[in-house]
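Novice: Let me begin by handing over the structure; questions about it come next.
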Amino acid sequence: MAKYMLIMRETDESLAKFTDVDFDEAMNAMGKFNDELIRAGVLLAAEGLEDPKEGVVVDFTGETPVVTDGPYGETKELFRGFYILDVASKQEAIEWAKRAPLTAGRKTEIRRVPTIDEFPQDNEWIQKERAWREQTGQL
């Protein structure tokens, strides 16, 4: 099994379509999908994000960090939520992404989440993180 993150990327089209969707209808569709993921035993995390206008960006491209209040960036650069799934393969992650509701005009980016075992185990910081993960029940 491997962890994959499904990053729900918005487009102008998907944002426009979502404004026409009834809140209860949206919650029902997402709830059913989340329940499928839970029953399949693949859901590790799922979160939606607040509107980008409420966020900030800390930009490190200059000599000192610059904080910019939202909204920021183009719509195609924003993501509104994510899932982390524990599945057998990238193809399985893709199949789950294809089943997600409320995706008209949206793009879903899928990326594998490396495990701590893939990093050099003799590194002091990796050892400290491993100990923390063991202590908190993550390993």
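Novice: What does the C-alpha gyration tensor say about the overall shape of the range 61-139? Classify as rounded when a/c is under 1.5, otherwise prolate if a/b is larger than b/c, or oblate.
Specialist: oblate
Novice: Would you work out the charge dipole size for the chain about its Cα centre, treating the Cβ of every Lys and Arg as +1 and the Cβ of every Asp and Glu as -1, and quote it to the nearest 20 debye?
Specialist: 560
Novice: Another question, then. Which entry is the computed Cα Rg over 2.2 N^0.38 Å for this structure: (1) 0.96; (2) 1.06; (3) 1.25?
Specialist: So the calculated entry is the one marked (3).
Novice: Determine the per residue accessible area of the chain with all protein chains present and a 1.4 angstrom probe, expressed in square angstrom.
Specialist: About 70 Å² of surface per residue is accessible.
Novice: Just how much of ILE94 is accessible, in Å², when a 1.4 Å probe is used and the result is rounded to the nearest 10?
Specialist: 50
Novice: Now, a different point. Name the residue farthest towards the positive end of the dipole of the range 42-139 from the options GLY137, PRO71, GLY81, assuming +1 on Cβ of Lys and Arg, -1 on Cβ of Asp and Glu, about the Cα centre.
Specialist: GLY81
Novice: Let me ask another. Would you grab the residues whose amide H sits under 5 Å from the one on LEU78? Only those 5+ places off in sequence or on another chain, please, with H modelled 1.01 Å from N.
Specialist: HN-HN under 5 Å from LEU78: GLU10.
Novice: Just grab the label-to-label distance for THR61 and ILE110, each label 7 Å out from Cα along the Cβ direction, in nm (one decimal).
Specialist: Label at THR61, label at ILE110, 3.1 nm between them.
Novice: On to the next question. Tally Lys/Arg at +1 and Asp/Glu at -1 over every other residue whose Cβ is under 13 Å from the Cβ of ASN123; what's the total?
Specialist: -3
Novice: Going through the range 9-75, which GluC sites (Glu not before Pro) have at most 16 other Cβ atoms within 10 Å and a DSSP loop state?
Specialist: Here the GluC sites (Glu not before Pro) that fit, given the DSSP loop and packing criteria, are GLU50, GLU63, GLU74.
Novice: Here's a follow-up. Strictly over 29 Å apart at the Cα level, which of LYS17/LYS98; LYS32/LYS128; LYS98/LYS128; LYS53/LYS128; LYS3/LYS32 would you flag in this model?
Specialist: LYS32/LYS128; LYS98/LYS128; LYS53/LYS128
The values are calculated or read from the model by the stated rules, or taken from the named source; none is laboratory data. It should be emphasised that the depicted structure is a prediction, and the values quoted were computed from it without experimental measurement. Virtual Cβ from ideal backbone geometry, glycine too; neighbours counted across all protein chains shown. Ligands, DNA and RNA are excluded from the accessible area calculation, which covers all protein heavy atoms including side chains. Shrake-Rupley method; radii C 1.70, N 1.55, O 1.52, S 1.80 Å.
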